[in-house]
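To start, the structure under review is shown below, and the notes come after it.
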Amino acid sequence: MTTLNPAQMDEIAARHPAVFHRSFWQRFRVAIITGGFVLYALYCWWFFAIGHVLGTANWNIAGTYLADWVSYEVRPQVSIAPDGAMKLTYPRFSPLGPNAEPDWVEIETGTMTRTLPNAGAANSARKPAAMGFMGTGGAVGGSAAAAEAVAAATTSEEEVVKRARITLNASTTVDVVPGSVTVQHSGETLVVNLSDMTAEGTLPVWATQKAPGGKITLAFGFAGWGEIEADDVSIRRRFLGWANFLFDTNSPFHGKSTSEVLSLIWSGERIDPKQSNLSLAWDNILYNSEWQHLDVWTKLLQTIVMAFVGTLFAMLLAFPLAFLAARNITRSWISNQLTKRLFDFLRSVDMLIWALFFTRAFGPGPLAGMSAIFFTDTGTLGKLYSEALENIDDKQREGVKSVGASPMAVQRYGVLPQVMPLFASQALYFWESNTRSATIIGAVGAGGIGLKLWEAMRTNSDWENVAYMVLLILIVVFVFDGISNALRSRLMGKPAH
Amino acid sequence: MAMNTLHDGFSEKGALIERHWQELSARRRVYTGLGLAILFVALTGSLWFANETNAGKFFDRLPYFFDFVGEMVPRDGMEVFRALFDLPSPYDDGSFKYNYPEGRLYITESLYVPEYFHKMLETLNIALFSTIIGMVFGFLLCFLAAKNLVANRLLRGFVRRFMEILRAFPEVVLAGFFLAVLSLGPLPAVIAVSIHTVGALGKLFFEVVENADMKAEEGLRAVGASWVERVWFGIVPQVLPNFMSYFLLRLEINVRASTIIGAVGGGGIGELLRLSIGQGHAAKTLAIVLLLLVTIIAVDQFSAWLRRKLVGDHAFRLAQ
C-alpha cells in the first residue's frame, strides 16, 4: 500500500481543481435548497394557520364519516311518555323500511290504561309530567284550570311497549324499561335512573355525561353509539356493508333473499300486472331512490364522453394548426407566431376558466365540460405537436421532395410517418388524463359525475354514495389507463411505462 | 387482372413480394377504415348523448352564448384595472358589482394588498406547498417501487398500487372530505392536491430511478454499504436533477389544479372567479382572468427556464 506525501496530495489537488475547489454554491446548494424548503414550509404553517386548523378539527367526525363509506346505521328509538308508556320507532327513511321488526330488537308489549290530554289542550299548554297521573287518580276539586284539563283529557286502553332490549353485538345490550335503562358493554354494566338522569355508581369510560342531569352519550366503537335522555333513548347500531344497494325500501323485492328474488323473477306471479317481474326488478334497481344507479351511470358516461369528445376534437384541430406553427414546415414568421401564441393562450387560460365560461353559456351539462377540455387541450396538444414537428428528421422530407412530389405529398410521406405514432400516443395520454380531470371540472357545473359527487358530499350524510361513485371512477380510470397504455405501447413499439 | 399488369416488369420472386405487399396494404386499409368508422360512430353517439343530457341544447343555447360574451364586456377598459388593484370605481352604486375597494387587505394604515393578489398568492402557496409535500413523500416512496433497488415483488407491487390509487382518487372527494372535517379554508385543498401529487410524482420518480446507472450502486455494494447508503450515495446524486425537473413540471400542473380546487370550495382565487362569473361581474371576472393568465404564463416560463438549466432539452419530452 502506497502512502501519499503532502506534496503528492497537493499535486493531485492542483490537477483536479473542479473537485477540490468547488464554488460556494456547488458545495452548499443541496443544503441551501433544503433549507429554503424548510423555511418555506414554516412560512406555510403560519400562512395557512395549520396548527390552529388541525387543533380545532373534529377528528371524531372524520372517523364517523369514514365508517359511513362502508357501513350504515339503523336507529331504533324508544320514546318514553311521562306516564311510563314506551314506543319504539324508526326514522322515516330507515334502511330497514317501514314496519321493520329486526331480531336484534326484542320488545315486550302489554296494554295500559292511559289518559291523554286532547290534541287541542295539549297544544295550548304543555302539561307538567305529574298531571297525567293526577288525572287517572281522579283528583277532583283542584284549581279550575286542572279541572278543565281533566275534562279535556280522554282515557283509553292502548297497547304499549313495556320493555325493549336492543342487542348491538355479543357483549353490548341496552335494556329499556320505564324509569330505567340498563346498558351492558364489554363486561361492564351501567344502570341509569331516568327520573333524575343519574347513573348507579361511576360512569364507565364508554359513557359520558356533560352536565349532571343531562343526557348520557354511549360510545361502543364500530358497533354503534347511543344517547339516553329522560324521555328518549336512541340507539344507532352500525352494520358493515351498503344498505339496500339493489332494491330500496319501496320495492316489492326489498328484504327478500337472493333466491327468493330469483324465483320471483323466474317463475313468480306478476307483482305488477303491466310488466314482467324481470323488468320490474330492473326498473327498481335503476330507479333505486337511495343509490340512483341510472343517474350515477348516466353522469359517469357523461364524464367519459366529455373526455373522449373533447380530446378527439382537440386532436383534430391541433393537427393542422401544428403544421402552421412549426418553423420548419411553414416558413412564415407571422403564421408561426400567431398559431403558437394562440396555443399559449388556450393553454394558459385555465381549464377552470373555460369550464365556468361554457357552463354560463351552454347551461350545466357535458357540453360545457367538453368545450372546456377541447379548448385547453387544443392548446396543449398543439404545442406538443408543433414541437414534435420541429424536431423531425429532415432527410425524409428532402428525399420525397427531390423526386418532385407535391407539397401535400411531401407532408404525407415525408413528415407524417415520423410523427403519427407520437401524435396518437400523446392524444391517448391526454384522453386518459382528461378522464380524471373531467371529474373535477364537473364539480363546478360542467357536467358529469363531479357535480353529483359534490352534492352527495355536501350533506355529509351520503358518504356511502360517495364511496360508490369513487369506486366506479377508479374502475373507469384503471380500465382506461390500461387501454391507453396498451395502445400506446403498440404505437410506439415499446412499453410506455 | 388489373393487378397482374402491375407485375409485368418483375421477376417471379419480385412479383410474389409485390403481391404480398399489395395484400398487406389492402388489409391495412380495411383496418384503418374500420377503426375510423368505429371512431366516427362513437363520436356521433357521444355527441348525441352529450346534447341530450345537457341542460340546454347546443343550438338553442348558441344565441345566449353570444349574449353572455356581450355581458362580459366592462363599462370601460380602465374598470378591469380598477377591479384588479381595488381602486374606487366611478360607477359605484353600492352593489357588489363595483365595490372594488372593499376587498383591500391593509398591512399598514395606508398600504394594502389588493384582494385578488392576496388570493392569487394563496392559490400559489397551495400549489407550491402541496408540490413540496408531494415531492417529499414521493421521494421516500419511489425507491421502494423501483425494480433495480427492491427485489421483493410484493413490497414493490404494493407501493406501486398504493401510488396508483393516490393518483386516481378524485381530488374533489379528498377536498370535500377534508372540508367536512377541517371546516372551510385552504388546508383541505392543500391536502387534496398533496395526496394526488404524491402518487403522480412517485410514479415519475421511480421510473427515473429504474433508468439510473447502476455502476455507482454496484461499487458501493462491493465495499459493503447498506441499502440506505447505496441509495443515498449511489442513486440520489444522479436522479436529483430529473427529480427537480419533474417537481417543477408538477408545480405548473398544481397551480392549475389548486385554482380548480379553489372553485369547488378550497378558497383562493378559483372561488372568487366562480362567484364573479356566476353573478356576471364583467370587470371583476376579466381582472381575475388577466391575473391568472399572467401568473400561469410566468410560472410556466420560469419553470421551463429552470428545467432547461437543470436537465437540458430532454426535459421537454412528453411527461407521462
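Regarding B:VAL198, is this residue closer than 30 Å to A:VAL470 by Cβ, away from chain A (no Cβ under 13 Å) and buried (at least 21 other Cβ atoms within 10 Å of the Cβ)? Against the criterion (closer than 30 Å to A:VAL470 by Cβ, away from chain A (no Cβ under 13 Å) and buried (at least 21 other Cβ atoms within 10 Å of the Cβ)), B:VAL198 qualifies. Of the residues making up the stretch A:451-460, those that are free of Cβ contacts under 8 Å to residues at least 60 places away in the same chain and not in a helix (DSSP H, G or I) number 1. Taking A:TRP266 as the residue in question, decide whether it is modelled with pLDDT under 85, of a type outside the set (S, T, N, Q) and either assigned by TED's automatic domain parsing to the domain that holds A:TRP104 or exposed (fewer than 14 other Cβ atoms within 10 Å of the Cβ) (or both). When the stated conditions are applied, A:TRP266 passes them.
Taken over the stretch B:37-74, residues that are of a type in the set (Val, Ile, Thr) and either exposed (fewer than 12 other Cβ atoms within 10 Å of the Cβ) or in contact (Cβ under 8 Å) with a residue 12 or more places away in the chain (or both) amount to 4. Counting the residues of the stretch B:204-216 that are of a type outside the set (Val, Ile, Thr), in contact with a helix residue (DSSP H, G or I) (Cβ under 7 Å, 6 or more places away or on another chain) and touching a residue at least 60 places away in the same chain (Cβ under 8 Å) gives 4. For A:LEU381, indicate whether it is more than 21 Å from B:ILE261 (Cβ to Cβ) and within 14 Å of chain B (Cβ to nearest Cβ). Yes; evaluated as a whole, the condition is true for this residue.
Considering only residues that are in a helix (DSSP H, G or I) and either surrounded by fewer than 24 Cβ atoms within 10 Å (Cβ to Cβ) or facing chain B (nearest Cβ under 10 Å) (or both), which ones fall in the stretch A:439-449? Break it down into steps so the answer makes sense when it comes.
Let us first name the residues in the stretch A:439-449 that are in a helix (DSSP H, G or I), namely A:439-446, A:449.
Selection gives A:THR439, A:ILE440, A:ILE441, A:GLY442, A:ALA443, A:VAL444, A:GLY445, A:ILE449.
In the list A:ASN244, A:ASN277, which residue meets the criterion of being crowded, with 19+ Cβ neighbours inside 10 Å and over 28 Å from the mean Cα position of the chain (by Cα)? It is A:ASN277. For the stretch B:64-77, indicate whether the set of residues that are away from every other protein chain (no Cβ under 14 Å) and aromatic (Phe, Trp, Tyr) is non-empty. Within the stretch B:64-77 (the criterion being away from every other protein chain (no Cβ under 14 Å) and aromatic (Phe, Trp, Tyr)), the answer is no, since none of the residues qualifies. Among the listed residues B:GLU109, B:GLU115, B:GLU122, identify the single one that is acidic (Asp, Glu) and surrounded by fewer than 18 Cβ atoms within 10 Å (Cβ to Cβ). One residue alone meets the criteria, B:GLU109.
Against the conditions (1) exposed (fewer than 12 other Cβ atoms within 10 Å of the Cβ); (2) within 26 Å of B:ILE261 (Cα to Cα); (3) outside the structural domain of B:VAL294 (by TED's automatic domain parsing), B:GLY94 satisfies every one except (2).
Of all residues in the stretch A:471-478, none satisfies being more than 9 Å from chain B (Cβ to nearest Cβ) and either surrounded by 21 or more Cβ atoms within 10 Å (Cβ to Cβ) or at pLDDT below 90 (or both). Restricting attention to the stretch B:216-256 and to residues that are of a type in the set (Val, Ile, Thr) and surrounded by 15 or more Cβ atoms within 10 Å (Cβ to Cβ), the residue that is nearest to B:GLY267 (Cα to Cα) turns out to be B:VAL255.
For the stretch B:180-193, the set of residues classified as more than 7 Å from chain A (Cβ to nearest Cβ), surrounded by fewer than 24 Cβ atoms within 10 Å (Cβ to Cβ) and in contact (Cβ under 8 Å) with a residue 12 or more places away in the chain consists of B:LEU184, B:ILE191, listed by residue number. Looking at the stretch A:83-106, which of the residues that are more than 21 Å from A:SER461 (Cβ to Cβ) and of a type in the set (A, V, I, L, M) is surrounded by the most Cβ atoms within 10 Å (Cβ to Cβ)? Only one residue tops the list, namely A:MET86. With respect to the conditions (1) among the polar types (S, T, N, Q); (2) within 35 Å of the chain's Cα centre (by Cα); (3) in a strand (DSSP E or B), A:ASN250 falls short on a single one, namely (3). With the condition being in contact with a His (Cβ under 7 Å, 6 or more places away or on another chain), I'd like the helices (runs of 4 or more DSSP H) fully within the stretch B:98-205 carrying at least 2 qualifying residues. So the answer is B:153-168.
For the stretch A:361-405, the set of residues classified as part of a helix (DSSP H, G or I) and polar (S, T, N, Q) consists of A:SER371, A:THR376, A:THR378, A:THR380, A:SER386, A:GLN396, A:SER402, listed by residue number.
The helices (runs of 4 or more DSSP H) falling completely within the stretch A:270-352 that include 3 or more residues that are within 11 Å of chain B (Cβ to nearest Cβ) map to A:293-325, A:333-348.
Looking across the stretch A:453-467, the residues that are more than 7 Å from chain B (Cβ to nearest Cβ) and either of a type outside the set (A, V, I, L, M, F, W, C) or in contact with a strand residue (DSSP E or B) (Cβ under 8 Å, 6 or more places away or on another chain) (or both) come down to A:GLU455, A:ARG458, A:THR459, A:SER461, A:ASP462, A:GLU464, A:ASN465.
Any residue in the stretch B:38-45 that is in contact with a His (Cβ under 8 Å, 6 or more places away or on another chain) and among the hydrophobic types (A, V, I, L, M, F, W, C)? Looking for residues that are in contact with a His (Cβ under 8 Å, 6 or more places away or on another chain) and among the hydrophobic types (A, V, I, L, M, F, W, C), one finds none in the stretch B:38-45, hence no. I'd like to know if the stretch A:204-215 contains one or more residues that are surrounded by 16 or more Cβ atoms within 10 Å (Cβ to Cβ), out of contact with any Leu (no Cβ under 7 Å at 6 or more places or on another chain) and in a strand (DSSP E or B). No, the stretch A:204-215 has no match at all. Filtering the stretch A:363-381 for residues that are at pLDDT 90 or above, over 20 Å from B:ILE277 (Cβ atoms) and aliphatic (A, V, I, L, M) leaves a non-empty set.
Selection of the stretch A:45-91 for residues being within 11 Å of another protein chain (Cβ to nearest Cβ), among the hydrophobic types (A, V, I, L, M, F, W, C), within 17 Å of the chain's Cα centre (by Cα) and farther than 24 Å from A:GLU229 by Cα yields A:ALA62, A:LEU66, A:TRP69.
So A:LEU487 ticks every box in (1) surrounded by fewer than 22 Cβ atoms within 10 Å (Cβ to Cβ); (2) within 8 Å of another protein chain (Cβ to nearest Cβ); (3) out of contact with any Lys or Arg (no Cβ under 8 Å at 6 or more places or on another chain); (4) farther than 22 Å from A:TYR72 by Cβ but one. Which box is left unticked? The failed condition is (2). Are any residues in the stretch B:4-58 in contact with a helix residue (DSSP H, G or I) (Cβ under 8 Å, 6 or more places away or on another chain), assigned to a helix (DSSP H, G or I) and among the polar types (S, T, N, Q), and if so, which ones? Hits for the stretch B:4-58 are B:GLN22, B:SER46, B:ASN51, B:THR53.
The values are calculated or read from the model by the stated rules, or taken from the named source; none is laboratory data. Quick caveat, the model's predicted, so the values are computed rather than measured. Virtual Cβ from ideal backbone geometry, glycine too; neighbours counted across all protein chains shown.
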